[in-house]
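Taken together, the values in this text are just the output of simple stated rules run on the coordinates, not laboratory data. Quick caveat, the model's predicted, so the values are computed rather than measured. Quick reminder, even Gly has a Cβ in these numbers, built from the backbone with ideal geometry, and neighbours come from all protein chains shown.
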Amino acid sequence: MRKLVILGATLLAVAGSVISAQIEIDDDFMRSVEDSNKSLANHIAIKDTKGVSIDTKELSEMFAQVEAFYATKGDAQDALDITKKSRQLIADIDKSVASKDFDGANVMASDLSRACKSCHNFYKKS
């Protein structure tokens, strides 16, 4: 009986982690991405290194979730490619700002915004 209880508890724990690992990309989530992206652009414009660092960390985590969502969804290679490109841009922005290249970071932030827009053209629900 004790083994059955342990097995049942283990199965519940695994099922709970699988359910919590499922990612939902909804309008609220995408608004958060958009807000963080705007915040990033503003922090770059005022040369706020700390603010950029906070924004890039947050955006990197969000885009990891987006990538995981589309990886599990399947048949979304364009979204995966755009997400990977976006994550690389975020890392490059962080490096540029760390070396005080705010002009380069600004160009990459514009590229990031365009990448978001191109993905929305493919996948945003009307």
- Item | Entries of LYS50/LYS85; LYS50/LYS73; LYS73/LYS100 with Cα pairs more than 31 Å apart | LYS50/LYS73; LYS73/LYS100
- Counting Lys and Arg as +1 and Asp and Glu as -1 over every other residue whose Cβ sits under 10 Å from the Cβ of ILE93, the net charge comes to -4
- Alpha carbon Rg of segment 26-123, scaled by the compact-globule rule 2.2 N^0.38 Å: 1.04
- Query: Put +1 on the Cβ of each Lys and Arg and -1 on the Cβ of each Asp and Glu in segment 26-123; which of SER60, SER99, ALA79 then has its Cα farthest toward the positive end of the dipole?
  - Reply: SER99
